[in-house]
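I have placed the structure first, in the form of structure tokens, so that the comments after it can refer back to it.
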Amino acid sequence: MRHPTTTALRSRLRLPVIGSPMFIISCPDLVIAQCKAGIVGSVPALNARPQSLLDEWLHRISEELADHDAANPDRPSAPFAVNQIVHRSNERLDADMAVIEKHRVPIVITSLGARTDVNDAVHGWGGVTFHDVINRQFAAKAVEKGADGLIAVAAGAGGHAGTQSAFALIQEIRQFFDGPLALSGSIANGGAVLAAEAMGADFAYVGSAFIATDEANASDAYKQAIVDGAAADIVYTSYFTGVHGNYLKPSIRAAGMDPDALPDADPSKMNFAGEGQAKAWKEIWGCGQGIGAVTAVQPAAAFIDRLADEYAAARARVCN
């Protein structure tokens, strides 16, 4: 039997999919397109630079989705989410939380640390929190500190991915947690969405495939690299942020570095809110291992339509 929070959220979705918040890439255009097409769209608060831009973004997202719902009562939009980096290096956290509270954002995704005060604040306006985790220990800590849901970031995921198998991670989390659970890691077609559910997740967390969409805030070269790339083109390194993540090798080579000989970074020097950091690594392209399933740049709605068709076909195949 599903957890009530899971049931409530899934009832508002066309597909059990959450579009992951991607550094630089996620923007209002992409979030709005994702939500209108029936999946959760999300954006990192830190993508809004300067900080004052966040208020404008959330106002636009809320207004356009409300207009869509009024015009399409038979197919209302999915809720949207904002990602907050709660690591101590994020000097914008309090200011961004005030803006998020102002707009009563329905879902807040927290990363790089679990904080009771952030969860309590979101619950105060009726929102739901999900927390990124890469192992059982971090998952248990997040639940202890009040997270409603978890995002299991397995090996092969884009961004700050873990190293554990999706099977191992989901199995261990489900031993003690029955709440909303999303799985991240190389999910780029409808069959993989169904597989995430079969393993015990409630939602698939899909990111890298959305880079190759018209609405994504990515260069044409970046989008084409997603189409052209495969799992062998990904390198796992801590060099760029101080936390291990997956990146496209061609972009690292283009920056004059050897992707197979990158040094480890000092995690104590992380600075996710710094304006300079975004500029320094703008041309280093983050990406997960699932991009081999991406064959074209297309509108986000068209990609979600494809996911829906593949998901239905996979269900029919498995159930026969």
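In the range 70-220, if the dipole is taken from +1 on Lys/Arg beta carbons and -1 on Asp/Glu beta carbons about the Cα centre, which of 125, 135, 82 is farthest to the positive end?
135
When ranked by the protection proxy of mean other Cβ atoms within 10 Å per residue, highest first, what sequence do the peptides 234-245, 200-211 form? If you can, show how the numbers build up before the last one.
On the way: 234-245: 19.3, 200-211: 26.4.
Final packing ranking: 200-211, 234-245.
What list of whole percents do you get for P(r) of the range 125-216, with Cα-Cα distances grouped in 5 Å bins up to the one holding the largest distance?
Histogramming the range 125-216 at 5 Å steps yields 3, 15, 26, 24, 17, 9, 5, 1, 0 percent.
For the range 1-82, what is the charge dipole size about the Cα centre, in debye to the nearest 20, if Lys and Arg each add +1 at the Cβ and Asp and Glu each add -1 at the Cβ?
Details: 8 positive and 8 negative charges, 93 e Å.
In total the dipole reaches around 440 debye.
With +1 on each Lys and Arg Cβ and -1 on each Asp and Glu Cβ, how big is the dipole of the chain about its Cα centre, in debye rounded to the nearest 20? Working shown, then result.
Values: 26 positive and 35 negative charges, 104 e Å.
I would put it at about 500 debye.
Based on alpha-carbon positions alone, could you give the equivalent ellipsoid semi-axes of the range 19-158 from the gyration tensor, as √(5λ), descending, whole Å? Mind dumping the intermediate values first?
Numbers: eigenvalues 116, 56, 43 Å².
So the equivalent ellipsoid measures 24, 17, 15 Å along its semi-axes.
I want to verify the translational diffusion coefficient of the chain in µm²/s; compute it with Stokes-Einstein, Rh as the Kirkwood radius over Cα pairs, at 10 °C and 1.306 mPa s. If you can, show how the numbers build up before the last one.
Details: Rh = 19.5 Å.
The calculation lands on 81 µm²/s.
If all Cα-Cα distances of the range 2-41 are sorted into 5 Å bins from 0 onward, what percent lands in each bin, rounded to whole numbers?
Per 5 Å bin, starting at 0, the Cα pair percentages come out as 5, 25, 27, 20, 13, 8, 2.
Taking 0.36 nm per intervening residue step and subtracting the Cα-Cα distance, what contour gain separates residue 319 from residue 52 on full extension? Please list the in-between numbers first.
Numbers: separation 267, 0.36 × 267 = 96.12 nm, distance 5.01 nm.
Contour length minus Cα-Cα distance gives 91.1 nm.
As a footprinting exposure proxy, order 108, 227, 294 by other Cβ within 10 Å, with the fewest listed first. Please list the in-between numbers first.
On the way: 108 28, 227 14, 294 24.
By the 10 Å Cβ count, ascending: 227, 294, 108.
Rounded to the nearest 0.05, what FRET efficiency do residue 91 and residue 312 have when you use their Cβ-Cβ distance and R0 = 51 Å? Please report the intermediate quantities before stating the final value.
Working: r = 46 Å, r/R0 = 0.90.
The computed FRET efficiency comes out at 0.65.
Can you give the calculated 222 nm mean residue ellipticity of the chain, where each DSSP H run of n ≥ 4 adds -39,500 (n - 2.57) and the sum is split over every residue, rounded to the nearest 500 deg cm²/dmol? Walk me through the numbers before you get to the answer.
Values: 12 runs with 123 residues, N = 320.
Calculated mean residue ellipticity at 222 nm is -11500 deg cm²/dmol.
Mind checking which of 96, 214, 117 has the largest fluctuation in a GNM of the chain, springs on alpha carbons under 10 Å?
The residue with the greatest mean-square fluctuation here is 117.
On a 22 Å Cα-Cα criterion, which of the cross-link pairs 249/282; 223/282; 36/141 come out too long? If you can, show how the numbers build up before the last one.
Details: 249/282 14 Å; 223/282 14 Å; 36/141 34 Å.
From 249/282; 223/282; 36/141, over 22 Å: 36/141.
Give the percent of DSSP beta bridges with both residues in the chain that are antiparallel, rounded to the nearest 5.
Roughly 15 percent of the DSSP beta bridges within the chain come out antiparallel.
Tell me the label-point distance for the pair residue 214, residue 264, using the 7 Å Cα-to-Cβ offset, in nm and rounded to one decimal.
Output for this residue pair reads 4.6 nm.
With charges only on Cβ, +1 for K and R and -1 for D and E, what is the dipole size of the range 73-176 about its Cα centre, in debye, rounded to 20?
Details: 10 positive and 11 negative charges, 30 e Å.
In debye, rounded to 20, the range 73-176 gives about 140.
Readers should treat all values here as calculations from the given coordinates under stated rules, not as data from a laboratory. Just so you know, these numbers come straight off a predicted model, no measurement behind them. So basically every Cβ, Gly included, is an ideal-geometry build from the backbone, and we count neighbours across all protein chains shown.
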